Each structure stands twice: as structure tokens, then as C-alpha cells.
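Read the structure below first, then the notes.
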Amino acid sequence: MSKYSTQEMVLNMGPHHPSTHGVLRFILQTDGEMMVKATPDIGFLHRGIEKIAERVTWQGFMPYTDRIDYVASVNCNLGYAVAVERLAGVAVPEKAEYLRVIAAELSRIASHFIGFGALLLDLGAVTPFVHALRERETFNDLIEMLCGARLTHNYVRIGGVAQDLPPGFAEKCRAFVDHLEYEFVEEFNELISFNTILINRLANVGVISAETANDYTLTGPNLRASGVAFDLRKDESYSIYDRFDFDIPVGRGKYGTLGDSYDRYFIRIEEVVQSCRIIRQALDRLPQDGEIRTKLPKLFTVPAGEIYVRTECPRGELGFYVISDGKKNPFRIKIRTGSFSSMTIIEHISQGVMVADLVAIIGSLDVVAPEIDR
Amino acid sequence: MNAVAEYFRNIADAVTTTIAGMKITLRYWVKEPSITVEYPDRLGPGKTAADVVADRFRGFLRLDLDKCIGCMQCMRACPINCIRITVEKTAEIRMLTRFDVNQAKCMYCGLCVEECPSNALVFSKRFEGACFNMQELCVRHVTGPVPVAKLAAVSTK
């Protein structure tokens, strides 16, 4: 044995590491600065939401769906509502569908702000994060006008939405999306996206090919960044998304390889613009009057049966597998989230990267810990 | 390209793009007004915390006892059972003897307010619930027996 030997070292990253997006733990096997493997250890934020569903009413589970992914609550509300409505055969009024789309797309924008903002913060760029959160503050004010809460919105109901648009909302919302699409995105790109230091930090790091992404069932923006144009809003349309004209941004490998961290970062900025387009169209076509909620019986029950509905959340597919036995509460609800898929691939793509790059990979995959554990 | 030239070009690129970003930061620093509101000390002249939140803000629950018909719909709608109501029937009059809302447990989802047929239960804009004892957050809306209202008399929907 030589005087100096090399051996692998096991390091813990988290569960309180600020750059792990919630309470997440990684067990790192390192060889010096290089990583042999990073194994995610999940479950710190498990709250048993699926079990809670079995003892609350159908409508009463709606506030809990806020907590699946608290950064984009309306999208989670919408997924659950669509699943129950399809199973129970509840029709949704026209106006409610438009209101849902407006709220869900606003929520998607806000979620992407956290997504790329937190990635940049992890990489040490504090200013862009503050810029992103400043815009998110406008979203918070808008959604507070709309439904009264800033974080856990609980806006969607089975068979409609909770409340109609307040006076002045449409104008403010239009000004917000115009500001985002025509001013903010350009300025933000100049501020950080085209910065050479950031590009060198993200390009060619954590490359996921389309095949690997498919193998690990990656969904949402992470899949599209690998060059696969698959968006449930277009390919398996739910609600009224088929009526809107929008593009699906895909990764192009602009500064490096297709499917690298930079693609995953930049695709979220492009999606913000597409969401702005959807919101503008929805505001234009919003019916002035009409019901916003189907009247449900006082004791709302769902006929026995089961259904799986997947919807497009900011972090990928959100699938609700709902089983009903005809009672006033669900028999079983299984939730499948996009962050969970993103989490499984980290072990694969972290092989042979540097420890500092792992932070970029986790950030670019945009995982949210409560969505993984539920 | 020559590796050395590439190296220096990279540095030059980093400097120019960083300066481009710094210009934006500088502009915000010098020109744009501050948007931070110093809560709770400097909300603005004559303003309280309730004035800065939206009209539909979901704060502490407020009960109008003149309107409550004691139907217990809110209690049934609550997913976490933070509302406790007791209605006693004495001499043909239904009396409300207990209406407790545990604001410490409440998650402000709004399902109870939607269910209320007489608009007796509404959200207030109050949200500052910090206190030293958790029991203080259990709001007892009814202290003694109160006769419940008739739905026909108060119905607003």
C-alpha cells in the first residue's frame, strides 16, 4: 500500500441544505471533487395526503391539493377537479373553464419564476432571483384579488371555480402579461440568461438525452428540454386548452448539448411567454356573464368507478388515480407527480459530475420537495 | 481556434455580458422607486394591516349571530373539523349554545363560508393572530344561549 491512498468519501447533502429546494437529502459518494454517485433520500415531507383523502369529502380534499405543490396550487386543484368531474360526469360552465385556465396559467408563470429564480440563486446570482420574485409579487397580488389567498389558493371547485373575476382584475392581469412578455423577459435575458458565466456554468452539465428522459419517465419542461415536444395541454387536451393558440417550446441545445441544464433553464423562460399568450386569449374570449359553478347536491357523491387523469403541471405531469365506491368520500386517491420522476433521474445523471454541478442539476430539474413526498 | 485565444475571448465575453447585466442593476438601483412596504410600522398614513390586503382576503372567520340559523353546514364542510357548533332545542326555540372556531387549526380554505346559506359566516380581513397561548386562538362566538335566526328572515342569496 502506498503512502497516499485514494478512497471514496460519503457525504451528506441536506436535509437542510438551502439549495435542495425543500427538505431533501442526498447521499453523495465522492472521489475528491468528482462525484461517483448521488443518491436522493426522500420522504422528509411526507404528510400522508393520499390517506387523508380517504377521510374527507370530495370537495373537502380540494384544500389538500394546494399542498401537493404549493408553488403552483391552482394547477394541482385543476388536476384533481378534472379527475373527479370526469368520473362523476359533472359538466363545467363555459365561463368557469376560462377562469380556470387564467388562474392555472398565472400559477404556471409564478411557478416558473421560482423554478429558474431558485436555480440562479443556487448558482450564486442573487439579483435575478429578486427580479423574478418582484414579478411574482404582482402575481400574488392578482391571485389575492381573485381568491383571497396568496399561497394556498384553493380556487378551483368540483364543477367550477370559487369566485368570479373581481372588478379591475382583467385590466391588471392584461398589464401584467404584457409587461412580462414585452419587457420583463427581454430584460431578464439581458440581465442573466445570455451571461457567459451562467452559460459556462449550465451548458453541457447534466445532459439528458431523449431516450434517457423517456426511460426515466421524465415529464413536463424537463422532457421538452431534451427535445421531445410533448405537452399534455396539446397532446391530451383537458379543460379548454385545445381552443388556444400556443407553441410548445423545446430544447435546442443553444449553447451546448441538447438536454443540458441550460436548455432546462431556458425552456422555462420560453414557457412564461407561451402562458402569457394563453392568458391574453382567455381574457379576450372570457364570456361576460354566465354561471361559474355547477350546482352540486348537498351530499355530493361520485358513482363507483375508477379513473386516471393526468394534467400538465409546471413540474411535469400530475396524475390523479381516483377510485370511488359511491360514498361521500374517496375510496383511494393515488397522486403521481412530475418532481418524483425528476428525482429518480438524479442518481443516473450525477455520475462523474462535480459537486458544484450537482446543485445546478437539481436546480435545473426544478424539483419541489413536498411534491415528491406528498 | 487557438486555445489561448479562446481562453481570453471567454474572459472578454464574461466581462462584457456581466457589464450588460450590471447596467440593468444600476438602472434599478438609481432610478426605480423602492417597492418594499415596511410592515407593520410604516404601512402608510392612517393605514392598518387590514387596509393593505385585498377585498376578498381570507382572514379570521367572523360570525353574525343575528343571521346564523344553526344549520351546521359549515361544520360539515370543514375538512379539518375546526368548527364546533352545539344547538339545543328548548321550548320550541332552537338555541345556539356553542359556536367555536379554532383559528389555530383553520387553514382558511373558505369551504365553510361558501356553504353558509344566510351569509352569517364571513371572512374578516384580520390576519394577525400572534399570541402567547394557543387557546386564545380558539374563538368562542357564542357565550350564552342565543336563539337562532329563521332562514326566511335573513336569506340574502
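The values are calculated or read from the model by the stated rules, or taken from the named source; none is laboratory data. None of these values were measured; they are calculated from a predicted model. Cβ placement follows ideal geometry from the backbone for every residue including glycine, while neighbour counts extend to all protein chains displayed.
Within the range A:311-369, which residues are among the hydroxyl-bearing types (Ser, Thr, Tyr), under 26 Å from A:Val74 (Cβ atoms) and part of a loop (DSSP other than H, G, I, E, B)?
Correct list: A:Thr337 only.
Filter the helices (runs of 4 or more DSSP H) completely within the range A:201-293 down to those with at least 2 residues that are charged (D, E, K, R) and under 30 Å from A:Ala175 (Cα atoms).
By residue number, A:232-235, A:261-285.
Quick one: is B:Lys47 more than 12 Å from chain A (Cβ to nearest Cβ), in a strand (DSSP E or B) and without any contact (Cβ under 8 Å) to a residue 12 or more places away in the chain? Before the answer, list the steps.
Values: more than 12 Å from chain A (Cβ to nearest Cβ): yes; in a strand (DSSP E or B): no; without any contact (Cβ under 8 Å) to a residue 12 or more places away in the chain: yes.
No.
Looking at the structure I just gave you, is A:Leu296 in contact with a Gly (Cβ under 8 Å, 6 or more places away or on another chain) and in contact (Cβ under 8 Å) with a residue 12 or more places away in the chain?
Details: in contact with a Gly (Cβ under 8 Å, 6 or more places away or on another chain): yes; in contact (Cβ under 8 Å) with a residue 12 or more places away in the chain: yes.
So A:Leu296 passes the test.
Filter the range A:123-137 down to the residues that are surrounded by fewer than 19 Cβ atoms within 10 Å (Cβ to Cβ) and at the interface with another protein chain (Cβ under 10 Å from one of its Cβ atoms), then identify the one that is nearest to A:Val205 (Cα to Cα).
For the range A:123-137, the residue satisfying everything is A:Thr127.
Return yes or no: is A:Leu191 modelled with pLDDT under 90, closer than 30 Å to B:Lys23 by Cβ, of a type in the set (A, V, I, L, M, F, W, C) and out of contact with any Asp or Glu (no Cβ under 9 Å at 6 or more places or on another chain)? Break it down into steps so the answer makes sense when it comes.
Values: modelled with pLDDT under 90: yes; closer than 30 Å to B:Lys23 by Cβ: yes; of a type in the set (A, V, I, L, M, F, W, C): yes; out of contact with any Asp or Glu (no Cβ under 9 Å at 6 or more places or on another chain): yes.
It is true that A:Leu191 is modelled with pLDDT under 90, closer than 30 Å to B:Lys23 by Cβ, of a type in the set (A, V, I, L, M, F, W, C) and out of contact with any Asp or Glu (no Cβ under 9 Å at 6 or more places or on another chain).
Exactly one of (1) touching a helix residue (DSSP H, G or I) at 6+ places or on another chain (Cβ under 9 Å); (2) surrounded by fewer than 22 Cβ atoms within 10 Å (Cβ to Cβ); (3) among the aliphatic types (A, V, I, L, M) is unmet by A:Leu78. Its number?
Going through the list (1) touching a helix residue (DSSP H, G or I) at 6+ places or on another chain (Cβ under 9 Å); (2) surrounded by fewer than 22 Cβ atoms within 10 Å (Cβ to Cβ); (3) among the aliphatic types (A, V, I, L, M), A:Leu78 breaks only (2).
Considering only the range B:73-118, state which residues are out of contact with any strand residue (DSSP E or B) (no Cβ under 9 Å at 6 or more places or on another chain) and more than 14 Å from every other protein chain (Cβ to nearest Cβ).
B:Thr90, B:Ala91, B:Glu92, B:Ser118, listed by residue number.
Of the conditions (1) surrounded by 17 or more Cβ atoms within 10 Å (Cβ to Cβ); (2) within 14 Å of another protein chain (Cβ to nearest Cβ); (3) in contact (Cβ under 8 Å) with a residue 12 or more places away in the chain, A:Gly206 fails just one. Which one is it?
(2)
Anything in the range B:3-14 that is more than 46 Å from the chain's Cα centre (by Cα) and either within 17 Å of A:Gly124 (Cα to Cα) or more than 10 Å from every other protein chain (Cβ to nearest Cβ) (or both)? List them, or say none. Before the answer, list the steps.
Let us first name the residues in the range B:3-14 that are more than 46 Å from the chain's Cα centre (by Cα), namely B:3-13.
Passing the criteria: B:Ala3, B:Val4, B:Ala5, B:Glu6, B:Tyr7, B:Phe8.
For B:Lys105, all conditions in the list (1) touching a Cys at 6+ places or on another chain (Cβ under 7 Å); (2) of a type in the set (D, E, K, R); (3) surrounded by 15 or more Cβ atoms within 10 Å (Cβ to Cβ) hold save one; what is the number of the exception?
(3)
Might you let me know whether the range B:127-144 holds any residue that is within 14 Å of chain A (Cβ to nearest Cβ) and surrounded by fewer than 19 Cβ atoms within 10 Å (Cβ to Cβ)?
yes
Just to verify a result, which residue in the range A:173-194, among those that are surrounded by fewer than 18 Cβ atoms within 10 Å (Cβ to Cβ) and away from every other protein chain (no Cβ under 14 Å), is nearest to A:Ala125 (Cα to Cα)?
A:Tyr182
All but one of (1) in contact (Cβ under 8 Å) with a residue 40 or more places away in the chain; (2) surrounded by 19 or more Cβ atoms within 10 Å (Cβ to Cβ); (3) farther than 24 Å from B:Cys106 by Cα hold for A:Ala110; state the number of the condition that does not hold.
Result: A:Ala110 passes all but (1).
Look through A:Ala125, A:Ala83, A:Ala104, A:Ala118 and report the one residue that is under 27 Å from B:Ile35 (Cβ atoms) and at pLDDT 90 or above. Full working, then the answer.
Values: A:Ala125 fails: at pLDDT 90 or above; A:Ala83 fails: under 27 Å from B:Ile35 (Cβ atoms); A:Ala118 fails: at pLDDT 90 or above.
After ruling out the rest, the residue left standing is A:Ala104.
Looking at this structure, is B:Phe60 crowded, with 16+ Cβ neighbours inside 10 Å, away from every other protein chain (no Cβ under 14 Å) and at pLDDT 85 or above?
no
Has the range A:153-172 got at least one residue that is in a helix (DSSP H, G or I), touching a Leu at 6+ places or on another chain (Cβ under 7 Å), more than 9 Å from every other protein chain (Cβ to nearest Cβ) and in contact (Cβ under 8 Å) with a residue 40 or more places away in the chain? Steps first, answer last, please.
So the first thing to find is which residues in the range A:153-172 are in a helix (DSSP H, G or I), and the list is A:169-172.
Restricting the remaining residues to those that are touching a Leu at 6+ places or on another chain (Cβ under 7 Å) gives A:169-170, A:172.
Keeping just the survivors that are more than 9 Å from every other protein chain (Cβ to nearest Cβ) gives A:169-170, A:172.
Checking the rest, the ones that are also in contact (Cβ under 8 Å) with a residue 40 or more places away in the chain come to A:170.
Scanning the range A:153-172, I find at least one residue that is in a helix (DSSP H, G or I), touching a Leu at 6+ places or on another chain (Cβ under 7 Å), more than 9 Å from every other protein chain (Cβ to nearest Cβ) and in contact (Cβ under 8 Å) with a residue 40 or more places away in the chain, so the answer is yes.
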